[in-house]
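**Student:** Below: one structure in structure tokens.
Since every read-out is calculated from the coordinates, none of them should be taken as a lab result. If you're wondering where the values come from, they're calculated on a predicted model, not measured in any experiment. Positions of Cβ are backbone-derived with ideal geometry, glycine not excepted, and every protein chain shown enters the neighbour counts.
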Amino acid sequence: MSKGAELSFEQLYRDNFEFVVRSARRLGVEPAWIDDVAQEVFVVAARKLASFEGRSKVRTWLFSITLRVVQGHRRWSRRHDRRKDALAREPSRVHDPYPRARAADTLVTLLQTLPEKYQTVFILGELEGMTSAEIAEGLGLNPNTTYSRLREARKKMAQAVSDHRATEGSLSA
């Protein structure tokens, strides 16, 4: 019997909805599309649940589904040129009194500067607290590749933060 046969969809959804939404947001999905992307992730998960073998953690499995759904969303978005329209309609955050919202937006912006292979391991390792072994197993990577990518992702993110701070400092001067 597969591990997925032991899981109920309702429990899977209840326990992991916020994780999927967070992951989609961190992968750069615009707020207006988060619900659609999360729904698609759970449609795929429901369809594949019975075949989930439990070789990785459920969250790692869901993240890989989320990643593929987000990639599909990006392709769709480019074809339909909706991304530019959504960003143009997004209100200015210059006078935003919510610093946590600004910080979250900045994090998403900085994550988007990372190449996808680094972005994925950074989100799972640094933001979701998964071990390198869990990431490697869940994404089907060699553990050494995962360690290397995570180390490089940390360097790239540190540089992106440094560049952002320098830019922000020059804007306020």
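**Student:** Here are some pairs, K57/K156; K57/K117; K57/K155; which of them have Cα atoms lying more than 23 Å apart in this structure? Please list the in-between numbers first.
**Tutor:** Working: K57/K156 27 Å; K57/K117 19 Å; K57/K155 27 Å.
Flagged as over cut-off: K57/K156; K57/K155.
**Student:** If you add up the charges near Y118, with Lys and Arg at +1 and Asp and Glu at -1, over every other residue whose beta carbon is less than 14 angstrom from its beta carbon, what do you get?
**Tutor:** Values: positive: R26, K117, R149, R151, R154, K155, K156; negative: E116, E126, E152.
The answer is +4.
**Student:** Beta carbons within 10 angstrom, averaged per residue: use that to sort the peptides 37-44, 108-115, highest first. Can you show the working numbers first?
**Tutor:** Numbers: 37-44: 18.8, 108-115: 15.6.
Result, highest mean Cβ count within 10 Å first: 37-44, 108-115.
**Student:** What order do you get for W61, W76 when you list them from fewest to most C-beta neighbours inside 10 Å? Don't skip to the end; give the middle numbers.
**Tutor:** On the way: W61 22, W76 12.
Arranged by neighbour count, lowest to highest, W61, W76 become W76, W61.
**Student:** Per residue of segment 103-115, what does 6.51 cos²θ - 1.76 cosθ + 1.60 with θ = phi - 60° give for ³J(HN,Hα)? Whole Hz please, x for Gly and Pro, Karplus curve as stated.
**Tutor:** Result, ordered by residue: 5, 5, 4, 5, 4, 4, 4, 5, 4, 5, 6, 7, x Hz.
**Student:** Okay, next question. What distance in nm lies between label points placed 7 Å from Cα along the C-beta direction at R74 and T106?
**Tutor:** 2.4
**Student:** Could you line up I135, I123, I34 from fewest to most neighbouring Cβ atoms inside 10 Å? Walk me through the numbers on the way to the answer.
**Tutor:** Working: I135 27, I123 22, I34 15.
Going from least to most buried by this count: I34, I123, I135.
**Student:** Once the piece of chain linking T167 and Q11 is laid out straight, how much longer is it, given 0.36 nm per residue of separation minus the C-alpha distance between them?
**Tutor:** Working: separation 156, 0.36 × 156 = 56.16 nm, distance 4.44 nm.
Additional length available on full extension: 51.7 nm.
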